[in-house]
Each structure stands twice: as C-alpha cells, then as structure tokens.
Amino acid sequence: MSKVDSKSPKHCADKGLNIDKFYKKLYWSGFTFLFSVLSLILLVWLILHPTKPEFSLKEADIYQLNLSGPHLLNSSIQLTLLSKNPNTKVGIYYDMVQVYASYKGQQITVDTSLPPFYQGHEESNLLTASLVGTALPVAPSFGYEVGRDQTAGKLVLSLKLDGRVRWKVGTWVSGRYRLNVNCVAVMAFGPSIPSGPLSSKEGTQCSTTV
C-alpha cells in the first residue's frame, strides 16, 4: 500500500503566509531602492541648481526687406548670437534649435534650424544663421509700419530662438526642457536708404526662459 502524504490546514496556511512575506519584502526592497535613487537625483539637482544659458546678440544685418505684392514680403537677414553656459558643473545638450525674425509681432522669415550641439561647463559658442523669407504673407499695415519707422530714424527687429535642451550632471542626463530666447536689434533707418545692409552691431543681452 502506498503512503498518503497529507498536510494539515495549519501547515498550508503557514506556507501561504511565508510566500506573502517574501513578496512584501521584495516589493519594499524595490520601492526603497527606487526612492533612494530618485532622492539622490533630486539632491544633486538641488545642490547644483542649473542656471539657464545666456544669449547675447553680436550682429544682425538686413539685406532685404521689401514687399513683392500688396501683402507679400521678401526678406534676408544674417544673424550672429553668442551662447554661454554659466554653470561650472552642468553641461547642456541643445537637441533642437530654430531661429527666426519677427517685426511688430509678425514673423518675417521662415524657421531656420541649427545643428544640435553640446555645451560644456562655462563654455561659449558663436551661432550664425541666414534667415530668409520668400513671398511671406504679412498684414496690410506692414508697409505703413516700415515707412513710419524710417521717418522715426530706427527700425526695431526681434530675433527669436526656440529649442529643446537637456542638462548633463556627471553621467546623468535630464529630460528635455523648452528653451525660448528673444533678442532685440535696433538699426539706424533714416529717410535715405543706405547702399549696404541695415546693421545692428551693438552687443545686447537677450531674454532667456527655460
């Protein structure tokens, strides 16, 4: 006759209890590890506290800004910006950078993309871009606004940069953050139109938001 192996209900209950304890320990161990990692990242972030990059306008030249029809604009602008990373322990990845020009709240060039780049600790980079627009629709008042600025003797242009950046601390890299930069170029623009381009060579600080 074969032996029948029987276990008491109490024995089965004890075994189930041990399995529950094992999964609870596993859960709490994973939770504790994840919490420690996140706390460390937050601590490093708070200690280093990355400062947003700084931008300044070095030069802007307008080679073309005229209407080809009642409300269609042709434009050509050369732009040079200085970008600086003020952080001593944080690097910056510029994943996507687009530049364009606007006048009186109207975009007067198409978006121009710059190559992605990495900016090390306290590093500076010169960014140059050729901004153009061909038959861009503008408001009916555009010609009047340009004429009024010519009478006043100066033309004010906004040069904008939109992008996505990531912070690098050691081997850790953050998620992407939106970058917006606005630079203002003021150019002499008298009644007599010069033969060369309208230029703004005064270094002006740009406003930056991240």
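The values are calculated or read from the model by the stated rules, or taken from the named source; none is laboratory data. In this text the structure is predicted, and so the values were computed from the model without any measurement. Cβ atoms come from the backbone with ideal geometry, glycine included; neighbour counts cover every protein chain shown. To get the accessible areas, we keep the full protein, side chains included, count just its heavy atoms, and leave off ligands, DNA and RNA. Shrake-Rupley method; radii C 1.70, N 1.55, O 1.52, S 1.80 Å.
What the table shows:
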quantity: Kirkwood hydrodynamic radius of the range 50-207, Cα pairs, Å; calculated: 16.7 Å
quantity: Total formal charge among the other residues, if their Cβ is under 11 angstrom from that of V173, Lys/Arg +1 and Asp/Glu -1; calculated: +2
quantity: Difference of contour (0.36 nm per residue) and Cα-Cα distance, S130 to E145; calculated: 3.0 nm
quantity: Share of carbon and sulfur in the accessible heavy-atom surface of the range 50-207 [1.4 Å probe, %]; calculated: 52 percent
quantity: Furthest towards positive pole of dipole, Q64, V138, G91, structure part the range 50-207, Cβ charges; calculated: G91
quantity: J(HN,Hα) series, the range 101-115, from Karplus relation 6.51 cos²θ - 1.76 cosθ + 1.60, nearest Hz, glycine and proline x; calculated: 10, 9, 9, 6, x, 10, 6, 10, 9, 7, 5, 10, 8, 9, x
